[in-house]
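Below: the structure, in C-alpha cells.
The values are calculated or read from the model by the stated rules, or taken from the named source; none is laboratory data. Small disclaimer: the values here were computed from a predicted structure and weren't measured. Here Cβ is always computed from backbone atoms with ideal geometry, including for glycine, and neighbour counts include all displayed protein chains.
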Amino acid sequence: MERVFDLPIHRNHRWIFNCFTVEGASGPVLVDPGLPSVADDAITGLARLGHDIDSITALVCTHTHSDHVGGIPNILDAAPVPVYLPGRCESYLDGEQPRVFGLMHNVRFLPVLAEERFHLPTLRELARAGRTIGFGGPRHLTLPFDPSGFLSQDTEPEGLTGWETIEAPGHTDDSICFYHRDTATLLSGDAVVTLDGRAWFNPEWVDPELSAESEEMLRSLEVRHLLPGHGQPLEGADIWPRALSFTDRPEGKGLLARCSRRLGRWGR
C-alpha cells in the first residue's frame, strides 16, 4: 500500500490494476476492490494503517467489469461491508444486457499493459474472475452478493464526505467517477487511464458519442490529482492540457504501442 501524493488516499495494485483506499471521517472506503489479490492486499494495507476489516465503511465501484468487482467477495467473506454500485446496474440486475466492446478496442488499449512490469499470475487471475463475476465475460451482470445501494449523478458516495458521483458513460454505460472539488481530485475508474505520464480518455468504448460527451464534461473540471483505474496516478496543473483524447492514437516506439496504432481500427 502506498500513499497517493499528500492525499488521505492509498493505492494497492498488481500490474496495472488499481484499488484506492480513501480515509474518510467515518472510516476507510475502498474504491474498485477489483481482482481478489488486490482486495487482499488492500485488507493487509489497512492493518498497517491501524484499521481492521470491520472498520471499512463501504466498498464503491466505478463500473462492474470483473477487474473492478472481482475482489468484493473476498472482503464480504470476512466482514459484512456495504457495497455500492453505479445506478445503471439496477437495470442490469433486472435483466438488461450490458453493452460490451470488441477485440479491436482491446487492441487500442494494449500500450497501457506496459505501464508496469507484466505479472502473469495477475493475468491468470483476471481470466478466472472474468468468467464468474461482473460482466464482459458473462453476458449479463453476475454478482455473488446483493448490492446495498446504487450511485447516481451528484450523489455523495457512502463514507466519502465531500465527494461527488459523476456519471461518465462511454467506456461502459455504467461508468462513473468520484470527484473531490476541494482538492481537485478525480477517481476516474476507467473513464480516464494513464499512459507514459499522460492522461488518456479510454479508447475502449461501447459508445463514441457518450465517450465524447463524458470527455468534454470531465475536461471542464479542475483536476490536479488524477487517480485512474489503470496506470500511474498523476499530479499537476497540466493534466488536461497534456491529455490524449479517446480518439488519439498512442505515441511511443514500443511493440504494444505500434500494434495499437496499426491494428486498433481508430475510426468511430
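Testing residue 59 on (1) of a type in the set (A, V, I, L, M, F, W, C); (2) touching a Phe, Trp or Tyr at 6+ places or on another chain (Cβ under 8 Å); (3) over 23 Å from residue 129 (Cα atoms), one condition comes back false. Which one is that? Failing condition for residue 59: (3). Taking the criterion of being polar (S, T, N, Q) and closer than 20 Å to residue 109 by Cβ, the only residue of the stretch 2-25 that qualifies is 18.
Within the stretch 233-248, is there a residue that is surrounded by fewer than 20 Cβ atoms within 10 Å (Cβ to Cβ), modelled with pLDDT under 95 and within 22 Å of residue 103 (Cα to Cα)? Within the stretch 233-248, none of the residues are surrounded by fewer than 20 Cβ atoms within 10 Å (Cβ to Cβ), modelled with pLDDT under 95 and within 22 Å of residue 103 (Cα to Cα). The conditions of being without any contact (Cβ under 8 Å) to a residue 24 or more places away in the chain and on the phi < 0 side of the Ramachandran plot are met by residue 52.
Are any of the residues in the stretch 201-214 at positive phi, part of a strand (DSSP E or B) and surrounded by 16 or more Cβ atoms within 10 Å (Cβ to Cβ)? No, the stretch 201-214 contains no residue that is at positive phi, part of a strand (DSSP E or B) and surrounded by 16 or more Cβ atoms within 10 Å (Cβ to Cβ). Pick from 64, 122: which is of a type in the set (S, T, N, Q) and in contact with a Cys (Cβ under 7 Å, 6 or more places away or on another chain)? None of the other options fit; the residue is 64. Considering each residue of the stretch 168-182 in turn, at least one proves to be over 14 Å from the mean Cα position of the chain (by Cα), assigned to a loop (DSSP other than H, G, I, E, B) and more than 20 Å from residue 107 (Cα to Cα). Selection of first residues in the stretch 94-106 that are closer than 17 Å to residue 169 by Cα and modelled with pLDDT of 95 or more and of second residues that are charged (D, E, K, R) and surrounded by 14 or more Cβ atoms within 10 Å (Cβ to Cβ), restricted to Cβ pairs under 8 Å at least 6 apart or on distinct chains, gives the following pairs, ordered by first then second residue: 98/173; 98/174; 99/173; 99/207.
Do we have residue 122 as part of a loop (DSSP other than H, G, I, E, B), more than 14 Å from the chain's Cα centre (by Cα) and surrounded by 14 or more Cβ atoms within 10 Å (Cβ to Cβ) here?
Values: part of a loop (DSSP other than H, G, I, E, B): no; more than 14 Å from the chain's Cα centre (by Cα): yes; surrounded by 14 or more Cβ atoms within 10 Å (Cβ to Cβ): yes.
For residue 122, the condition - part of a loop (DSSP other than H, G, I, E, B), more than 14 Å from the chain's Cα centre (by Cα) and surrounded by 14 or more Cβ atoms within 10 Å (Cβ to Cβ) - is not met.
Could you figure out which of (1) farther than 12 Å from residue 63 by Cα; (2) small (Gly, Ala, Ser); (3) in a loop (DSSP other than H, G, I, E, B) isn't true of residue 130? Looking at each condition in turn, residue 130 falls short on (3). Screening residue 176 on (1) over 26 Å from residue 15 (Cα atoms); (2) of a type in the set (Val, Ile, Thr); (3) surrounded by 16 or more Cβ atoms within 10 Å (Cβ to Cβ) shows it passes everything except condition (1). On inspection, residue 117 does not qualify as outside any helix (DSSP H, G or I), more than 30 Å from residue 181 (Cα to Cα) and at pLDDT 95 or above. The residue list 262, 268 contains one member that is free of Cβ contacts under 8 Å to residues at least 12 places away in the same chain, of a type in the set (Lys, Arg), surrounded by fewer than 14 Cβ atoms within 10 Å (Cβ to Cβ) and at negative phi, which is 262. In the stretch 35-49, the qualifying residues are those that are free of Cβ contacts under 8 Å to residues at least 40 places away in the same chain and touching a Gly at 6+ places or on another chain (Cβ under 9 Å), and the one that is farthest from residue 80 (Cα to Cα) is 38. Restricting the stretch 126-171 to residues that are within 24 Å of residue 192 (Cβ to Cβ) and of a type in the set (D, E, K, R) leaves a set whose member that is surrounded by the fewest Cβ atoms within 10 Å (Cβ to Cβ) is 154.
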